[in-house]
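As structure tokens, the structure follows; a few thoughts come after it.
The values are calculated or read from the model by the stated rules, or taken from the named source; none is laboratory data. A quick note: this is a predicted structure, and the numbers were derived from the prediction, not measured. Positions of Cβ are generated from backbone atoms using ideal geometry, with glycine treated the same way; all protein chains shown enter the neighbour counts. Accessible surface areas use protein heavy atoms only, side chains included; no ligands, DNA or RNA. Shrake-Rupley method; radii C 1.70, N 1.55, O 1.52, S 1.80 Å.
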Amino acid sequence: MAKTGTTTQGLRAAIERSGYYPALVAEAVEAAIGGEAIGSYLVHQETTFDANEVRRHVTVLVLTGTRFIVSHTDEQAADSTSPTPYATTSTESVKIGRISSVVLSRVVANPEKYVPGTPPREVVLTIGWGAVSRIDLEPAACGDPNCEADHGYTGSSTADDLSLRVSEAGDGPDAVQQTLAFAQALSEATADTAR
């Protein structure tokens, strides 16, 4: 479930509606925001299956006038380090000017019949600010099929600090729209700092 909006009360209500350790999540997010006004936010809860366990995870994204705040909270089963289940929550605060890319991938059914304004059935929001990069390498080759020379490697580096997938089937159509709205607000904020 994703929720977006622009007020502190709305953010707290969205965190509470997610039902995922709301006091813990809200405290961490509000501490990171401090006294800044909220420009936009997105709360996304995700359930994953790990072997025989069901695990929940919540991501909270907040845009202020100067920063992009990311909060992740995960639950863990009891293990050798803890006799009881526990949760970990982390927040990262990034200056808007550090955001190097905002990528929004849309999946649209029946593209030949697409009508402008029709919501996509799935979106993937990827945000990069230089903390994590992925490098994909492959052997380089020339056009000669008989060439046995070593041409080194070729590849690409991709900023991949955060990737969030939201689908109509899994999260509902409102969650897709909310993700689109947050992505637009973040894109606009990064465009403002580029001027």
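The table below gives the values:
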read-out	value
Counted residues, segment 58-89 - those being touching a residue at least 24 places away in the same chain (Cβ under 8 Å) and either charged (D, E, K, R) or not in a loop (DSSP other than H, G, I, E, B) (or both)	16
Close pairs from segment 163-176: first touching a residue at least 24 places away in the same chain (Cβ under 8 Å), partner among the charged types (D, E, K, R) and assigned to a helix (DSSP H, G or I), Cβ under 7 Å, at least 6 apart	176/168
Top-ranked residue of segment 1-26 - restricted to ones that are at pLDDT below 85 and part of a loop (DSSP other than H, G, I, E, B), ranked as farthest from the chain's Cα centre (by Cα)	7
Odd one out for residue 45 among (1) surrounded by 11 or more Cβ atoms within 10 Å (Cβ to Cβ); (2) within 23 Å of residue 192 (Cβ to Cβ)	(2)
Any hit, segment 42-52, residues being hydrophobic (A, V, I, L, M, F, W, C), part of a strand (DSSP E or B) and under 18 Å from residue 9 (Cα atoms)	yes
Hits in segment 66-88 - residues which are of a type outside the set (D, E, K, R) and open to solvent by less than 70 Å² (accessible area, probe 1.4 Å)	68, 69, 70, 71, 72, 73, 76, 77, 78, 82, 87, 88
Of all residues in segment 121-162 being among the hydroxyl-bearing types (Ser, Thr, Tyr) and at pLDDT below 90, the one that is farthest from the chain's Cα centre (by Cα)	153
Filter result (more than 11 Å from residue 127 (Cβ to Cβ) and either part of a helix (DSSP H, G or I) or among the basic types (Lys, Arg) (or both)) within segment 90-103	95, 96, 97
Selection count, segment 48-65, where residues are more than 14 Å from residue 96 (Cβ to Cβ) and open to solvent by less than 20 Å² (accessible area, probe 1.4 Å)	3
